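Worksheet: one structure, shown below.
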Amino acid sequence: MVEKQPTPLIEIHDLTVAYDKKPVLWDVDFTLPEGKLIGIVGPNGAGKSTLIKAIMGLIPMQSGYVKLFGQGLDKVRDKISYVPQRESVDWDFPTSVLDVVLMGRYHKLGLFKRPRKADKEIAMDSLRKVGMEAFSKRQISKLSGGQQQRVFLARALAQQAELYFMDEPFAGVDAATEKAIVALLKDMVSKNKTVIVVHHDLQSVRKYFDWLLMLNTRLVANGPVDQVFTNEFLEETYGGKLTLLSEVTELMKKEELPNREKK
Amino acid sequence: MNDFIYFFSLQDPNIRYVVIGVILLTASSSIVGTFAFLRKKSLVGDAVAHSVLPGVCLAFIISGTKNPLWLIIGAFLTGWLSLVLIDYITKNSKIKEDAAIGLNLSVFFGFGMLLLTYIQHAGNASQSGLDHFLFGKAAALVGDDLLVFGAVAILLLGLTILFFKEFTLISFDIHFAQTIGVPIKFLQLVMTTLTVLAVVIGIQAVGVVLMAAILITPAAAARFWTENIKVMMVLGSVFGAISGMAGAYISYLAPAMPTGPWIVVSISSIALFSFFFSPSRGILSRLLKQMKIKKRMSEENILKALYHMGEKDKDFYKQRSVASILEKRGFQIPELKQGLRRLKRQGFCSSEHSLWKLTPEGKNKGQRTVKLHRLWEVYLTKYVKIAADHVHEDAETIEHFLTPELEQRLEKLLDYPTTDPHQSTIPYA
Ligand SMILES: Nc1ncnc2c1ncn2[C@@H]1O[C@H](COP(=O)(O)OP(=O)(O)OP(=O)(O)O)[C@@H](O)[C@H]1O
Ligand SMILES: [Mg+2]
């Protein structure tokens, strides 16, 4: 099922992406609303990262188009932030935490210009929000995996964007930090920012997200969590891993899901 | 010694040309090399170096002169073409980058050798000095060369400073750079061009074959000493300059020794030294650290064995022979004897007639290790749900690393359990 929204923030039309001619996203077509915390779920290799990369213009599309804020990507780059999967860079790079977060300010600086004092303050503030201010001078090669993830988040916050794409931001992050970050994201959403998160832990889907996109090469479902996070769609999305999944969903049903009413 | 002063006072104009020229070359190529190294494109330098040879030869054939400007233009064109081709092949076929580099390198170099042979047969190769491009001709640098080198070096340095922020960003996270609209195609082109330029002037000193070494090795050596990219860049060019001077000096002392190869020998020695002796990343400091840990672990294991024996006999201060300790736990004999001697020096053991016993401090230390071991086993079975017969191995290691702070948290979390999963008593102080 696919919900159409009156004023879509994101419009993906007939998107097909292929690696070496093998399509990994097939005719994906959807719109997403503004000011929501949106989850993307699907099994490994479902094309979640690929979808985000295609939207961000990092890989070519075979067909289709993407509109953000009703416009092409190039016109609205300043309003968009992308948090890649942590493994996408080599962390053994000779630079400090603060310098990486400052990269989030570069688009405002333009070529040739050095970060100003104001940029440093914004960067420090972003580090504080993810609980990493004590690490600002630390070399990035000396961070744990969860800390690396938080540095990437801080860099995204420093961009002060309207729309955030985050690829598995909770991978390797401890439970307390995850909770703090989710609170932070919810706060951003309450200020009418839109945050899109690739997520793997199905148990927390209802608790975290307002809206859900379920993906497995093709779009399985897209809509408010209450409506699409159902056994039927889960089975369709996760196909082969049915047994494990129905167990998880059974478990979630048993727990009566108080978050469902809260919203 | 006189030679040394004469050489480095740079009174002799010929020496002056060589030294300044070589420093310009090595220092500027290591600055460019820093980014190549960090982007894991070390092989690319090698490919460019080999690919400039046909360009040099073609320029000579066409222009009929050995004017360095012509040769540089020729070198630049084929070096650059080769990089563009590598990029094109990698993007548009299933051939991986390393294979594409190898392919290009051998085809371009082979073609260059062919042209060189042709020129030699035409009878004017040595006169043209083209064969210098194979192994370099640093000792024959003249004033005109310096002007060209100086100009290129300034260009390289200037562009690197100008684009420093962007080059760093691209080297660290190119996808992010792309998403914020940094013109990565353009910047990559600039980087490529800088690499080619550095190679083109560099090969005149060290030659095609060794060029990649002076491009990449200084950066690789510098990486061992710093975690700051700016420091790394400066350090790399200092290393480059030092080895440039060393190479020039050696071939001044022994004119039969060519400069280029000695530059490479010097920079490689610096890299090797860094590899072994860097305090944070060097092999030696790592080995030392490991040895220290190993020593501490075996000391704690000996105390633990003595404690276990005391537990069994209900007498912690009984004298024990080496043989009886070995019976309790399979130490290597020298490991045990040396460990006991160290423990005696530290005041945790005492000995009489080659019989050993714990001191009260030693008993406490052994007891703490035993306690940590058993607490960890409880934690694993209770919280991580690992079967009781699988937890011992893990605890054997962890017992040596738990800090007092973790120890406290563990005690609280488990609420001071009295026995471990194997029903041994957990001893509290
Ligand atoms: N660079 C690439 N070249 C070829 N195939 C690729 C490439 N990147 C991804 N793929 C393939 O595309 C498919 C989708 O990959 P993608 O990374 O988008 O999955 P994902 O949903 O993000 O998975 P995960 O949960 O493991 O992160 C996979 O089958 C993968 O093997
Ligand atoms: Mg992914």
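Just so you know, all these numbers are worked out from the coordinates, no wet-lab data involved. Note that the structure is a prediction, hence the values are computed from the model and not measured. Reconstructed Cβ throughout: ideal geometry from the backbone, glycine too, with neighbour counts over all protein chains shown.
Which aspartates and glutamates, on any chain, are close to B:Lys304 with Cα under 18 Å apart, when same-chain ones fewer than 8 places away are left out?
Straight-distance partners of B:Lys304: B:Asp313, B:Asp315, B:Glu327, B:Glu335, B:Glu361, B:Glu377, B:Glu393, B:Asp394, B:Glu396, B:Glu399, B:Glu407, B:Asp420.
Can you list residues from other chains, or at least 5 along the same chain, whose modelled amide H is less than 5 Å from the amide H of A:Ile40?
The list, which skips near neighbours in sequence, is A:Val197, A:Val198, A:His199, A:Leu213.
Under 18 Å Cα to Cα from B:Lys96, which lysines show up? Leave out anything in the same chain fewer than 8 places away.
Here the lysines satisfying the reach criterion relative to B:Lys96 are A:Lys21, B:Lys40, B:Lys41.
Which lysines have a Cα lying under 18 Å from the Cα of B:Lys137, excluding residues fewer than 8 positions away in the same chain?
Candidates past the 8-residue exclusion: B:Lys66.
Let me know the charge dipole size of the protein assembly as shown about its Cα centre in debye, to the nearest 20, where only the beta-carbon of Lys, Arg (+1) and Asp, Glu (-1) is charged. Provide the component values of the computation, followed by the final result.
Details: 80 positive and 66 negative charges, 345 e Å.
Once rounded to the nearest 20, the dipole reads 1660 debye.
Between B:Lys385 and B:Thr418, how high is the FRET efficiency from 1/(1 + (r/R0)^6) when r is the Cβ-Cβ distance and R₀ = 30 Å? Nearest 0.05. Numbers along the way, then the final one.
Working: r = 21 Å, r/R0 = 0.70.
Here the calculated transfer efficiency is 0.90.
For the charge dipole of the protein assembly as shown, defined by +1 on Lys and Arg C-beta atoms and -1 on Asp and Glu C-beta atoms about the Cα centroid, which residue among B:Ile229, B:Trp262, B:Leu306 has the Cα displaced farthest towards the positive pole?
Going by the charge dipole, the pick is B:Leu306.
Pull up all non-local amide H partners of B:Cys349: gap of 5 or more, or a different chain, and H-to-H distance under 5 Å with H placed in the peptide plane.
B:Lys344, B:Thr359
Can you pull out the trypsin sites (Lys or Arg not before Pro) in region B:1-88 that DSSP calls coil and that have at most 12 other Cβ atoms within 10 Å?
Values: sites: B:Arg16, B:Arg39, B:Lys40, B:Lys41, B:Lys66; in loops: B:Arg39, B:Lys40, B:Lys41, B:Lys66.
Those that pass, being in a loop and sparsely packed, are B:Lys40.
Which one of A:Phe170, A:Ile80, A:Pro43 has its Cα pushed farthest toward the positive end of the charge dipole of chain A, where Lys and Arg give +1 and Asp and Glu give -1 at the Cβ?
Most positive-ward Cα: A:Ile80.
Name the shape class, rounded, prolate or oblate, that the alpha-carbon gyration tensor gives for region B:2-281, where a ≥ b ≥ c are the square roots of its eigenvalues, rounded holds for a/c under 1.5, and otherwise prolate holds if a/b is larger than b/c and oblate otherwise. Walk me through the numbers on the way to the answer.
Numbers: a/c = 1.77, a/b = 1.11, b/c = 1.59.
Oblate, because a/c is 1.5 or more while a/b does not exceed b/c.
I'd like the orientation of helix B:283-313 relative to chain B: the angle between its Cα long axis and the longest Cα principal axis, in ° from 0 to 90, rounded to 10.
10
Computed FRET efficiency, Cβ-Cβ of A:Lys207 and B:Leu114, R0 60 Å: what is it to the nearest 0.05? Don't skip to the end; give the middle numbers.
Values: r = 70 Å, r/R0 = 1.16.
Working from the Cβ atoms, E equals 0.30.
Pairing the Cα long axis of helix B:42-63 with the longest principal axis of chain B, what angle in degrees results, from 0 to 90 and rounded to the nearest 10?
Once rounded, one gets 10 degrees.
Label-point separation (nm) for B:Ser324 and A:Asn192, each offset 7 Å from Cα along Cα-to-Cβ?
The two pseudo-label positions are separated by 8.3 nm.
Can you work out the Karplus-derived ³J(HN,Hα) for every residue in region B:215-221? Use 6.51 cos²θ - 1.76 cosθ + 1.60 with θ = phi - 60°, whole Hz, and x for glycine or proline.
6, 9, 4, x, 5, 4, 5
Would you kindly derive the ³J(HN,Hα) couplings of region B:157-163 from the backbone phi angles with the Karplus curve 6.51 cos²θ - 1.76 cosθ + 1.60 (θ = phi - 60°), listing them in order in whole Hz, with x for Gly and Pro?
Each residue of region B:157-163 in turn: 5, x, 5, 5, 5, 4, 9 Hz.
Quick one: what are the phi-derived ³J(HN,Hα) couplings along region A:12-29, Karplus 6.51/-1.76/1.60 with θ = phi - 60°, whole Hz, x for glycine and proline?
Going residue by residue, I get 10, 10, 6, 6, 10, 10, 9, 9, 6, 6, 8, x, 10, 10, 10, 6, 7, 9 Hz, with x marking Gly and Pro.
Running a GNM on chain A with Cα contacts under 10 Å, which residue among A:Glu232, A:Glu11, A:Glu133 ends up with the highest mean-square fluctuation?
A:Glu232
Nearest 20 debye, what's the magnitude of the dipole of region B:1-128 about its Cα centre given +1 on Lys and Arg Cβ and -1 on Asp and Glu Cβ?
Details: 8 positive and 6 negative charges, 79 e Å.
In total the dipole reaches around 380 debye.
Compute the helix-to-body angle for B:229-253: its Cα long axis versus the longest principal axis of chain B, expressed 0 to 90° and rounded to tens.
Result, in degrees: 60.
From Cα pairs below 8 angstrom and at least 6 apart in sequence, can you work out the relative contact order of region A:1-126, rounded to a whole percent? Can you show the working numbers first?
On the way: 133 pairs, mean separation 27.7, N = 126.
Worked out over region A:1-126, it gives 22 percent.
Of the cross-linked pairs A:Lys117/A:Lys137; A:Lys53/A:Lys137; B:Lys292/B:Lys337; A:Lys22/A:Lys79; A:Lys113/B:Lys185, which ones have a Cα-Cα span greater than 27 Å in the structure shown? Kindly include the intermediate steps, with their values, before the conclusion.
Numbers: A:Lys117/A:Lys137 16 Å; A:Lys53/A:Lys137 30 Å; B:Lys292/B:Lys337 17 Å; A:Lys22/A:Lys79 32 Å; A:Lys113/B:Lys185 19 Å.
Correct reply: A:Lys53/A:Lys137; A:Lys22/A:Lys79.
For chain B, build the charge dipole from Cβ charges (+1 Lys, Arg; -1 Asp, Glu) around the Cα centre, then report which of B:Ser30, B:Ser171, B:Met297 sits farthest towards its positive end.
B:Met297
Using a/c under 1.5 as the rounded threshold, could you call the protein assembly as shown rounded, prolate or oblate? The axes a ≥ b ≥ c are square roots of the C-alpha gyration tensor eigenvalues, and prolate needs a/b larger than b/c, oblate otherwise. Show your work: numbers first, answer last.
Details: a/c = 2.53, a/b = 1.21, b/c = 2.09.
Here the protein assembly as shown falls in the oblate category.
For a footprinting-style exposure proxy, rank B:His121, B:His353 by other Cβ within 10 Å, fewest first. Please list the in-between numbers first.
Values: B:His121 9, B:His353 6.
In order of increasing Cβ crowding within 10 Å: B:His353, B:His121.
How many nm separate the modelled label positions at B:Leu272 and A:Glu236, each set 7 Å beyond the Cα in the direction of the Cβ?
6.6
Loop-only trypsin sites (Lys or Arg not before Pro) in region A:169-204, please: DSSP not H, G, I, E or B, and at most 13 other Cβ atoms within 10 Å.
On the way: sites: A:Lys179, A:Lys186, A:Lys191, A:Lys193; in loops: A:Lys191, A:Lys193.
Within region A:169-204, the qualifying trypsin sites (Lys or Arg not before Pro) (loop, at most 13 other Cβ atoms within 10 Å) are A:Lys191.
Using a Gaussian network model of chain A with C-alpha springs under 10 Å, which one of A:Arg114, A:Arg218, A:Arg86 is most mobile by mean-square fluctuation?
Highest fluctuation of the listed residues: A:Arg114.
Which of A:Leu25, A:Leu219, A:Leu143 moves the most in a Gaussian network model of chain A with Cα springs under 10 Å?
Ranking A:Leu25, A:Leu219, A:Leu143 by mean-square fluctuation puts A:Leu143 first.
Rounded to the nearest 20 Debye, what is the dipole magnitude of region A:112-228 about its Cα centre when Lys and Arg each give +1 and Asp and Glu each give -1 at the C-beta?
So the dipole magnitude of region A:112-228 works out to roughly 640 debye.
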